[in-house]
Amino acid sequence: MKRNPLHYGWVIVLSGFLTVLGAHGFGRFAYSLILLPMKVGLNLDYFQMGLIATGNFIGYLTLATLGGLLASRYGSRIVISLSALLMGATMILTGFSVSFEHAFFARLFTGLGNGGAYLPAMALPSIWFASKLRGRATGVVSAGIGVGFALSGLIVPLILRAYEAEGWRYAWYYLGATLLVIALIDYALLRNKPEDLGLKPVGAGQSSSGGPSSTASSLRWSLVYKNWGIWLVGFIYFMYGFSYIIYVTFFAAYLQTLGWTQEVSGSLWFMVGILSILSGIIWGWVSDVLGRKYGMALAYVALTFSYLLFGVTVTTPGLYLSAIIFGISAWSLPTVAVVAAADYVSPELRSAAAGFVTLFFGIGQAIGPTIGGYVIEATRVFGYSFLIAALGSLIGAVGSLMLRKPTASGT
């Protein structure tokens with residue numbers, strides 16, 4: 001019997017890559033590029049633009065938490081496809097906005113679609129790949145973040161220049177249409193689990209799927225919430241959300257206080273996006289080889305050094321080195337934390353576990369800028385906020401080393 005040289009798991013990875021590219025790269029990161037012309041076009045102030053961003057984040061956090069549960073209950077294929085469809089439609093509606101309220105609710109629903117598409121897509125490799133390959137496969141999916149980030153930086157400015165005053169509307173139209181195409185691809189190609197096609201996970205032995213075994217009670221979601229290991233992964237992911245968002249939020253503002261122009265600081269951030277494309281793959285591979293705890297701990301050490309360097313130096317070589325290290329490590333924790341949580345449960349619950357730990361990440365991401373901004377306002381020293389980020393990252397490294405290897409029962 002002739003064997004197919006390409007396991008369908010890699011088709012799943014490709015679909016997940018496209019989904020993450022659209023969900024994060026276009027649905028989330030493009031907003032910062034469109035913000036200023038959109039503000040002018042709708043005659044809004046920065047506070048209102050901030051509220052619109054907050055609305056998008058609220059939507060994302062809601063479905064990022066519940067999306068995993070929905071995927072476990074109804075299947076990743078339908079949840080991801082419908083979520084991408086919702087994103088595309090509401091991004092197009094954002095382009096039709098005529099008021100703050102219109103834009104706020106359009107972005108709120110885009111956030112819902114983002115969360116519903118992103119988390120199940122990131123969790124699918126944990127269902128389709130054995131434990132020894134999950135990190136690398138999830139890393140390929142997460143590479144979509146960096147690719148989308150970089151593509152937004154190239155495409156959006158071209159659209160803004162081509163359509164001038166109405167450019168921000170057409171940017172949303174084109175990006176939204178792209179998400180609609182991705183939704184169709186997801187529905188056509190995605191499958192919930194290898195067994196649907198009579199397959200075993202990539203790299204699995206004859207009698208093992210590479211993780212805790214599935215039982216008749218596999219959809220008892222309490223097995224996720226009562227698992228101490230998953231709570232620890234959640235705490236570790238919280239520290240990443242708390243620390244990385246401080247660095248990202250105040251990156252350009254800090255450089256401009258040092259005399260950097262917007263163009264130069266923007267070009268450095270574009271470089272970060274390019275470098276980050278491979279970060280998930282690199283750190284996913286490290287976690288497959290060394291184990292999840294050491295993979296996350298080493299990633300945290302790299303991020304700690306990046307934040308620390310940004311906080312204590314004002315020299316151009318030091319700032320570039322910080323940005324380079326961050327780019328190489330940027331999506332390390334989103335890749336490995338999702339895989340680590342999935343290792344503790346049966347395949348049917350892996351999307352739910354990914355969604356649960358992402359709740360911690362979202363809370364950290366909400367708290368970080370508030371604390372960082374308060375410290376800057378109180379002290380008038382940007383560097384202190386980056387030192388706080390470094391401390392949070394160091395705590396995350398210590399927490400990573402406390403992880404234990406999951407047993408066959410997932411406890």
Using 0.36 nm per residue, how much length does the chain from Phe100 to Lys39 gain when fully extended, once their Cα-Cα distance is taken away? 21.0 nm
Treating only the Cβ atoms of Lys and Arg (+1) and Asp and Glu (-1) as charged, compute the dipole magnitude of the chain about its Cα centre; round to the nearest 20 debye. 1180
Give me the percent relative contact order of region 223-400, please, defined on Cα pairs under 8 angstrom at least 6 residues apart. 43
Testing the spin-label approximation: label points 7 Å from Cα along Cα→Cβ at Arg161 and Leu197. State their distance in nm. 4.2
Among Met239, Met296, Met271, Met402, which comes first, then next, by fewest other beta-carbon atoms within 10 Å? Met402, Met271, Met239, Met296
Please report, to two decimal places, log10 I(q)/I(0) for region 9-193 at q = 0.17 Å⁻¹ as given by the Debye formula with identical point scatterers on the Cα atoms and no solvent. -0.97
Ordered by fewest other Cβ atoms within 10 Å, a rough proxy for footprinting exposure, Lys226, Lys39 read Lys226, Lys39
Quick one: P(r) of region 137-183 from all Cα-Cα pairs, 5 Å bins, percents rounded to integers, in order of increasing distance. 5, 20, 22, 23, 16, 8, 4, 2, 0
Just how many % of Cα pairs in region 349-411 lie over 16 Å apart, if you round to the nearest whole percent? 63
Between helix 46-74 and the chain: long-axis angle, C-alpha atoms, 0 to 90°, nearest 10: 0
I want to verify the translational diffusion coefficient of the chain in µm²/s; compute it with Stokes-Einstein, Rh as the Kirkwood radius over Cα pairs, at 37 °C and 0.692 mPa s. 154
Modelled FRET efficiency - R0 45 Å, Val11 with Val398, Cβ distances, 0.05 increments: 0.70
Need the list of aspartates and glutamates near Lys193 for cross-linking: C-alpha distance under 14 angstrom, and skip anything on the same chain fewer than eight residues off. Glu348
Set of region 298-330 residues, backbone N closer than 11 Å to the point 7 Å along the Cα-Cβ line of Thr379: 311-312
Tilt, helix 131-163 to longest principal axis of the chain (alpha-carbon atoms), in degrees rounded to tens, equals 30
When only Cα pairs under 8 Å and 6 or more residues apart are kept, what is the percent relative contact order across the chain? 24
The Cα radius of gyration of region 221-318, divided by 2.2 N^0.38 Å with N its residue count, comes to 1.33
Based only on other Cβ atoms within 10 Å, what is the fewest-to-most ordering of Ile246, Ile363, Ile230, Ile325? Ile363, Ile325, Ile230, Ile246
When the convex hull of its Cα atoms is projected in every direction, mean area for region 242-378 (nm²): 8.7
Using a Förster distance of 30 Å, the FRET efficiency for Ile274-Thr315 (Cβ separation, nearest 0.05): 0.85
So for region 17-123, considering every pair of alpha-carbon atoms, how many percent are separated by more than 19 Å? 38
Assuming 1.306 mPa s and 10 °C, estimate D for region 267-318 with Stokes-Einstein, Rh taken as the Kirkwood radius over Cα pairs, in µm²/s. 128
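Bear in mind that the values in this text are calculations on the coordinates, not laboratory data. It should be emphasised that the depicted structure is a prediction, and the values quoted were computed from it without experimental measurement. FYI the Cβ positions are ideal-geometry reconstructions off the backbone, even for glycines, and counts take in every protein chain you see.
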